[in-house]
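Heads up, the thing below is written out as structure tokens.
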Amino acid sequence: MNNLFYKLKALRKQLIIWLFDHSQRLYTSLLKNHESWNITKVELLNLPKPTFGRHLGEFLDKNNFELIPKVERHDCYHVLCGYSTKVEDEIALQCLCYGNGKRSLYLYGAIILGVAILPDYYVYYYKSYKTGKKANPFHHFDYEKLLNVSIRDFREAIFPKSELYNLSIITS
């Protein structure tokens, strides 16, 4: 019985991954009309070690990603907040952003479907939402202009110290 539970959970996660993959293409082509950054992972990896941009490059490299044109900001949220790319972390990150004041159709869909399909993580999602509420607003920044900022200083300006510990992104 326990094995069946884990198999169903894995299937639910696969469904969310499929939904993310297909909705992302539609979202970027129809709803995003600003310019892409035109910066590569290699350029980010050449930035000085303590910079936000270098950490973004390392995140992309670790996950074998390139920046997705027009939605580069999303990977910035991962780096700033310390969330991985696991399905439950993707949803929790959207909850954190909602708590921080971000509003978009994509965010609403990700949260509603994520909580409905993976309610097992509800406590984690709610904790992430509360973390976003406690943080200084960050969803509106032009992240391309912040690539050379110290990641430590950036995180400390956004999150109260207790939340840095909760997010496992200690900046000492």
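Laboratory data are not the source of any read-out in this text; all were calculated from the coordinates shown. These numbers were taken from a predicted model, which means no experiment stands behind them. All Cβ positions, even for glycine, are placed from backbone atoms using ideal geometry, and neighbour counts span all protein chains on display.
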**Request:** Obtain the nm distance between the two label points defined at residue 11 and residue 116 by a simple spin-label model: each point lies 7 Å from its Cα along the Cα-to-C-beta direction.
**Result:** 1.8
**Fill in**
Across 100, 63, 148, the residue with the highest GNM fluctuation in the chain (Cα network, 10 Å cutoff) is 63
**Request:** Would you mind working out the magnitude of the charge dipole of the stretch 46-144 relative to its Cα centre, with +1 at each Lys and Arg C-beta and -1 at each Asp and Glu C-beta, to the nearest 20 Debye?
**Result:** 420
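Any chance you could run the full-extension gain for residue 61 through residue 38? It's 0.36 nm times the residue separation minus the Cα-Cα distance, nm to one decimal. It would help to have the intermediate numbers written out before the result.
On the way: separation 23, 0.36 × 23 = 8.28 nm, distance 1.67 nm.
Stretched fully, the residue 61-residue 38 segment lengthens by 6.6 nm.
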**Message:** Nearest 500 deg cm²/dmol is fine: what mean residue ellipticity at 222 nm does the chain get from its DSSP H runs of n ≥ 4 alone, each adding -39,500 (n - 2.57), divided by its residue count?
**Reply:** -19500 deg cm²/dmol
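In the chain, which helices (entire DSSP H runs) extend 30 Å or more along their own long axis, judged by Cα positions, while averaging at least 1.6 on the Kyte-Doolittle scale?
none
Would you kindly give the portion of the calculated P(r) for the chain that falls above 25 Å, as a percent of all Cα pairs?
Values: 4950 of 14706 pairs.
Of all Cα-Cα pairs in the chain, 34 percent lie more than 25 Å apart.
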**Request:** Report, in debye and to the nearest 20, how large the dipole of the chain comes out about its Cα centre when Lys and Arg carry +1 and Asp and Glu carry -1 on their Cβ.
**Result:** 480
**Prompt:** By the scheme Lys and Arg +1, Asp and Glu -1, what is the net charge of all other residues having a beta-carbon under 14 Å from that of residue 88?
**Reply:** +2
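Expressed as cubic angstrom per residue, what is the convex hull volume of the alpha carbon set of the stretch 66-161?
Working: hull volume 9.6 nm³, N = 96.
Per-residue hull volume (Cα only) is 100 Å³.
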**Fill in**
Checked the stretch 38-106 with the C-alpha gyration tensor, a ≥ b ≥ c its square-rooted eigenvalues, rounded below a/c of 1.5, otherwise prolate if a/b is larger than b/c and oblate if not; verdict prolate
